[in-house]
Amino acid sequence: MRLVLLLLALTSLGCVTVRPWQRERLSRRCMEMDGPASSASFEAHVRAVRSGDVPAAGAGGGGCGCN
Amino acid sequence: MQLRSLVGLALACGCGRAPQRPARAELSLHGGYYADNDRVSVWNPSLRARVPLSRRVTASAGYGLDIISAASVDVVASASRVLERRHETSVGVQVALNDRTTVGATGRDSREPDYLSDGVSLTLDRESESRDTALHLELRGRWDRVGPGWTLPERATLGSGVAAASLTRVIDRRTLLRVGLQADVLSGLQSSVYRYVPVGDQWFAERVPELRVRGAATVRLQHSLRPTLAVLAEYGLTTDTWGLVAHVGEVGLRWEPAPWAMVELRARAALQRGADFYQGRYASVTGWRTRDRLLGGMATLWPQATLRFMWPAWPAPPSWELGLRGAWIHQQFDDYVPLRARDAGTGELWITRWF
């Protein structure tokens with residue numbers, strides 16, 4: 001619960017109102033939050049079958065040569 | 001003309017997500033390759049498509065194939081190589097309820113000889129009126145059938161549910177922040193159906209608890225240093241009821257050397273404390289037992305480099321993208337004797353066309 005409150009506080013601290021016409025920097029391609037979907041999916045699958053913090057079973061199927 | 005495009009982009013831009021434009025059809029081909037020093041290699045070609053059906057409704061579909069060749073030391077008592085194929089298909093639909101809210105549903109099916117998985121996910125995306133905050137909510141459920149295998153003569157089941165939320169916020173003219181929370185529950189067979197564990201002088205089938213509850217939190221910050229240069233940093237903490245705790249940190253840099261090109265360098269480092277029941281030696285056959293190195297203590301270093309070429313050049317929305325990525329994954333295992341370190345390499349090539 002404390003973690004949730006901390007994360008919510010983080011999102012609201014230090015924010016200023018940025019008008020749409022002031023967002024040129026944020027609209028650049030180098031500021032995209034998410035990369036290409038197909039590549040993100042491949043990376044997520046490799047991560048799921050090669051680390052313990054993401055349950056390998058959570059990757060949906062093996063596909064890892066390890067089961 | 002360029003100024004008008006720029007203002008249009010800036011007006012539409014919300015929280016660093018892709019600017020909202022009339023939906024376009026999209027076709028993407030992706031090829032991935034993984035190989036490591038544990039004699040595992042995987043080819044992964046995949047195809048994705050998105051088609052707008054109306055102003056509000058978009059349909060999507062995807063197909064991916066894993067061709068796996070493995071003779072891992074994890075698989076005890078087998079000297080032969082295993083060649084296996086996994087087919088994954090997905091179909092989905094996204095509906096824009098208004099210009100700030102989108103809901104989606106996706107179904108997914110994964111098939112390989114000893115593992116079948118079906119799942120569904122529901123999503124909600126909503127932006128604030130000022131478009132400086134974006135909320136993403138996701139619910140996922142999955143039903144897996146595992147085996148049969150060496151230690152399991154008949155098929156067993158595994159069910160899982162995931163709830164995830166993330167909030168992305170414009171902090172100032174140059175900075176974006178995203179926080180995410182996720183909770184997973186897995187219930188059912190999670191032991192490998194091929195892995196044996198030494199107890200005394202004998203080997204017994206792996207057994208791990210059938211219930212696993214996991215929580216994860218991430219914080220990500222992106223900052224624009226110059227119009228064509230941005231840095232990012234992310235930290236994630238994961239903990240679960242098996243006693244596993246993982247800290248994951250990531251730093252990265254993105255540079256646009258030309259309006260049609262982008263270079264990205266990223267490095268991820270992870271430190272993991274193993275599950276409570278992970279041991280090298282067990283005194284008796286009662287209780288949980290595993291020699292799955294992913295459940296032990298380990299450290300991971302994962303640097304990667306990406307090149308993306310997009311045409312036409314920014315600020316116009318791209319019609320073509322060609323991407324290349326290479327990564328190296330180094331893992332050091334605390335207690336896993338057969339293989340104390342694993343080194344892997346991945347390579348990716350993708351091409352996307354928007355219509």
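All of the numbers you see were taken from the coordinates with simple rules; none came from a lab. Computed from a prediction, not measured in an experiment: that's the story for all the values here. We place every Cβ from the backbone using ideal geometry, glycine too, and count neighbours over all the protein chains shown.
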* Asked: What's the exposure ranking of B:Phe333, B:Phe309, A:Phe42, going from fewest to most Cβ atoms within 10 Å?
  -> B:Phe309, B:Phe333, A:Phe42
* Asked: So for the range B:144-290, what are the equivalent ellipsoid semi-axes in whole Å, largest first, each being the square root of 5 times an eigenvalue of the Cα gyration tensor?
  -> 42, 17, 15
* Asked: Residues of B:168-179, mean number of Cβ from any other protein chain within 10 Å of their own Cβ, rounded to a whole number?
  -> 6
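List the trypsin sites (Lys or Arg not before Pro) in the range B:277-355 that DSSP assigns to loop (not H, G, I, E or B) and whose Cβ has at most 11 other Cβ atoms within 10 Å. Which are they? Could the numbers behind the result be given before it?
On the way: sites: B:Arg281, B:Arg289, B:Arg291, B:Arg293, B:Arg308, B:Arg325, B:Arg340, B:Arg342, B:Arg353; in loops: B:Arg281, B:Arg291, B:Arg340.
Qualifying residues, ordered by number: B:Arg281.
Please compute the average number of Cβ atoms from other chains found within 10 Å of each residue's Cβ in peptide B:195-208. Intermediate values should be presented prior to the final figure.
On the way: counts 2, 0, 0, 0, 0, 0, 0, 0, 0, 0, 0, 0, 0, 0.
Whole-number average of other-chain Cβ neighbours for B:195-208 is 0.
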* **Gained length - B:Ala305 relative to B:Leu211, 0.36 nm times residue gap less alpha-carbon distance** => 30.1 nm
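Fewest Cβ neighbours within 10 Å first, please rank A:Arg28, B:Arg39, B:Arg268 accordingly. Before the final figure, lay out each step's value.
Numbers: A:Arg28 24, B:Arg39 13, B:Arg268 21.
Lowest count first: B:Arg39, B:Arg268, A:Arg28.
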* How well do other chains shield peptide B:322-331, expressed as the mean number of their Cβ atoms within 10 Å of each residue Cβ? -> 2
* Asked: Points 7 angstrom from Cα along the Cβ direction at B:Leu221 and B:Val103: gap in nanometres?
  -> 3.7
* Can you give the Kirkwood hydrodynamic radius of the range B:124-230 from its Cα pairs, in Å with one decimal? -> 17.5
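How long is the gain from B:His330 to B:Ala163 if the chain were fully straight, where each residue apart is worth 0.36 nm and the alpha carbon distance is subtracted? Display every interim value, and only then the final one.
On the way: separation 167, 0.36 × 167 = 60.12 nm, distance 3.03 nm.
Gain on extension, B:His330 to B:Ala163, equals 57.1 nm.
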* Asked: What base-10 log of the normalised intensity I(q)/I(0) is obtained for the range B:95-354 from the Debye formula, alpha carbons as equal point scatterers, at q = 0.08, 0.10, 0.17 Å⁻¹?
  -> -0.45, -0.70, -1.55
* To do: Post the alpha-carbon centroid distance, the range B:107-165 to the range B:209-274, in whole angstrom.
  => 22
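Give the calculated FRET efficiency between B:Leu124 and B:Arg173 to the nearest 0.05, with a Förster radius of 41 Å applied to their Cβ-Cβ distance. Numbers along the way, then the final one.
Numbers: r = 28 Å, r/R0 = 0.69.
So the FRET efficiency works out to roughly 0.90.
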